[in-house]
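The values are calculated or read from the model by the stated rules, or taken from the named source; none is laboratory data. Being a predicted model, the structure only gives us computed values, none of them experimental. In this analysis, Cβ positions are derived from the backbone assuming ideal geometry, glycine residues included, and neighbour counts consider all displayed protein chains.
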């Protein structure tokens, strides 16, 4: 929503682009089966299109809107997502615009009770979290699709109206300003959001708990001096009855969120005069005395819902179409991006005939597992942020009051921010053969850790787009046994990146060699000469061996490609 | 298992809590008791003991919270 007198997309700081409708060949009788159709050009659908294109797989993205998202909405992008954006070659624009942060402050009755510190170290290229408006996220991803004119086709003003999901492909009815046509694809990625048309057309319903709790989110523009931190206020003088959150965004935009009380009418709460009154009280509470302008506002409900299965034949649900999670902990967008890359590399391997279609069976357990984990954490956060009953409200008050003087209840105020999910139990993950051989480093199923090598040079800068093998060796030439293994790995995945990590500093001129003169990576990965990590295209460890065992490594790659267990 | 209080100590606790409830006043007595419970639980340092105590004090009536499922279709937002 926008203030009275403003046009729907009339923003104080963002010029909404208008994406023209262009007639696709299908509208003139053209009949083709596209490798992948993606419903929805939000951050999740666009990430999937870019991840597929990077693997050489073409997609058609259909979007009913003619511009990017109205309003800032999802504004927090995690480090793990930034690492994904880096891998997609799209991170530069985000780094230029986004505001990074590592800290937060929690207040109770206007007194500071908790200082949030997100995990960070000099081994990280990216900060734990970045704030950036969703329309920039979408704009930057759309800009990046221009790098793939032959692989990504964005079809704006194109609405999905029908869907046939059959054994050999999908067929969608598409409505456009210039008529309807039928769009066929081998697979469909449903990235069409919380109110997914694809979900509805398949007759599927989200299942789970609908936690009570409505929030108003409002953006204001103001010159306000405060570091980029997450500020949360319980029982503040600006809004004594309900929780308030304040976040800084680029362009002097500030996000102010507050809870709507259970008895209050949500329609009333989002009326402009009520929004202005509440914002004014909150800004006075945080000490802002200058001018401010109201930019945009909306309402959301803290839900915990998901589909029972994220894959239905040739349709894979990615992002909010498959799961709706509470906003506390920034898991909606970030998990949607993780869904997109998970689905994309698997689809690419299947479409390039590197893997059987059964590889796609792993999508739902891996990503639904991530959702369940999110729901567990976010459910706790939600019950704290918006206590569902008198009992929860009372206990929250008890721990917050104690937190004024006692350390032990302060962690209750911690927002439990998103952490990448672990695929330890995935059928694609090969467990360690010798338990206890490794004492540190990412275990099978965990995402790779970054590691600083030099000024502006980090381990993840060198990771490939498909599978990556990290092997630790000071020998310039691999043994004949390893050379034979690498040849077989290239056969299984021609785009495989084999990266040798050596302590010897005299081999700096090879692309596939990383010089770890200080031994920093070796220590972080608990590696000795001969250690191998097999890494999936989404940067998760598929298996690791203290001493390379060619047969096991080959079997692990087959397994990660959806083959049966060795 | 921690040592139980001797009866004369328990009698002292009885009066201490009674006085503290009166001191908190009717408005705040429930909040005071909640704070007391969570502080005691923290000090006891044994989840099973606390669970047992909740069971005893509620006459075994109260079990773990379970929210009822219901459909949702609301708008999305995005601040942590």
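If the condition is being more than 13 Å from chain B (Cβ to nearest Cβ) and part of a loop (DSSP other than H, G, I, E, B), then the range A:308-321 contributes A:309, A:310, A:313, A:314, A:318. Within the range A:275-307, the set of residues being touching a strand residue (DSSP E or B) at 6+ places or on another chain (Cβ under 9 Å) and part of a helix (DSSP H, G or I) comprises A:275, A:276, A:278, A:279, A:281, A:282, A:283, A:285. Checked against (1) in contact with a helix residue (DSSP H, G or I) (Cβ under 7 Å, 6 or more places away or on another chain); (2) part of a loop (DSSP other than H, G, I, E, B), residue A:227 passes all but condition (1).
Taking the range A:1-45 as the range and being without any contact (Cβ under 8 Å) to a residue 40 or more places away in the chain and either crowded, with 19+ Cβ neighbours inside 10 Å or closer than 30 Å to residue A:183 by Cα (or both) as the test, the residues that pass are A:25, A:28, A:29, A:30. Residues in the range A:236-272 that are over 32 Å from the mean Cα position of the chain (by Cα) and closer than 15 Å to residue A:283 by Cβ were compared, and the one that is surrounded by the fewest Cβ atoms within 10 Å (Cβ to Cβ) is A:237.
Of everything in the range A:363-404 that is at the interface with another protein chain (Cβ under 9 Å from one of its Cβ atoms) and in a loop (DSSP other than H, G, I, E, B), the residue that is nearest to the chain's Cα centre (by Cα) is A:388.
Screening residue A:326 against (1) surrounded by fewer than 24 Cβ atoms within 10 Å (Cβ to Cβ); (2) touching a helix residue (DSSP H, G or I) at 6+ places or on another chain (Cβ under 8 Å); (3) in a loop (DSSP other than H, G, I, E, B) leaves a single unmet condition, (1). Restricting the range A:405-416 to residues that are more than 8 Å from chain B (Cβ to nearest Cβ) and within 27 Å of residue A:128 (Cα to Cα), the residue that is surrounded by the most Cβ atoms within 10 Å (Cβ to Cβ) is A:413.
For the range A:3-35, the tally of residues that are touching a helix residue (DSSP H, G or I) at 6+ places or on another chain (Cβ under 9 Å) and assigned to a loop (DSSP other than H, G, I, E, B) stands at 9. Looking across the range A:458-491, the residues that are part of a loop (DSSP other than H, G, I, E, B) and surrounded by 16 or more Cβ atoms within 10 Å (Cβ to Cβ) come down to A:463, A:464, A:465, A:466, A:467, A:473, A:478.
Listed conditions (1) more than 12 Å from every other protein chain (Cβ to nearest Cβ); (2) in a helix (DSSP H, G or I) are all met by residue B:37, apart from (1).
Taking the conditions (1) more than 21 Å from the chain's Cα centre (by Cα); (2) crowded, with 20+ Cβ neighbours inside 10 Å in turn, residue A:115 satisfies each one other than (2). The set of residues in the range A:428-455 that are closer than 24 Å to residue A:562 by Cα and crowded, with 18+ Cβ neighbours inside 10 Å comprises A:428, A:429, A:430, A:442, A:444, A:445, A:446, A:447, A:448.
The set of residues from the range A:193-203 being at pLDDT 95 or above and either under 24 Å from residue A:31 (Cβ atoms) or within 12 Å of chain B (Cβ to nearest Cβ) (or both) comprises A:196, A:197, A:198, A:199, A:200, A:201, A:202. Listed by position, the strands (runs of 3 or more DSSP E) enclosed by the range A:505-565 that each have at least 1 residues that are at pLDDT 95 or above and in contact with a strand residue (DSSP E or B) (Cβ under 8 Å, 6 or more places away or on another chain) are A:532-535, A:541-545. In this entry, residue A:331 passes the filter for residues that are under 20 Å from residue A:72 (Cα atoms) and in the same structural domain as residue A:42 (by TED's automatic domain parsing).
When A:241, A:267, A:251 are checked against the criterion of being outside any loop (DSSP other than H, G, I, E, B) and not assigned by TED's automatic domain parsing to the domain that holds residue A:467, a single residue qualifies: A:267. Is it fair to say residue A:89 is modelled with pLDDT under 95 and surrounded by fewer than 17 Cβ atoms within 10 Å (Cβ to Cβ)? Here the answer is no, as residue A:89 does not meet what is asked. When A:453, A:448 are screened for being modelled with pLDDT of 95 or more and within 23 Å of residue A:520 (Cα to Cα), only A:448 passes.
Checked against the criterion of being within 25 Å of residue A:346 (Cβ to Cβ) and more than 14 Å from chain B (Cβ to nearest Cβ), the candidates A:206, A:188 yield just one match: A:188. Scan the range B:45-62 for residues that are surrounded by 10 or more Cβ atoms within 10 Å (Cβ to Cβ), out of contact with any helix residue (DSSP H, G or I) (no Cβ under 6 Å at 6 or more places or on another chain) and assigned to a helix (DSSP H, G or I) and the total you get is 7.
For residue A:136, the test of being assigned to a strand (DSSP E or B), over 16 Å from residue A:24 (Cβ atoms) and modelled with pLDDT of 95 or more is failed. Residue-level analysis places residue A:85 outside the set of residues that are within 21 Å of residue A:121 (Cα to Cα), out of contact with any helix residue (DSSP H, G or I) (no Cβ under 6 Å at 6 or more places or on another chain) and not in a strand (DSSP E or B).
Against the list (1) surrounded by fewer than 21 Cβ atoms within 10 Å (Cβ to Cβ); (2) touching a residue at least 24 places away in the same chain (Cβ under 8 Å), the condition residue A:180 fails is (2).
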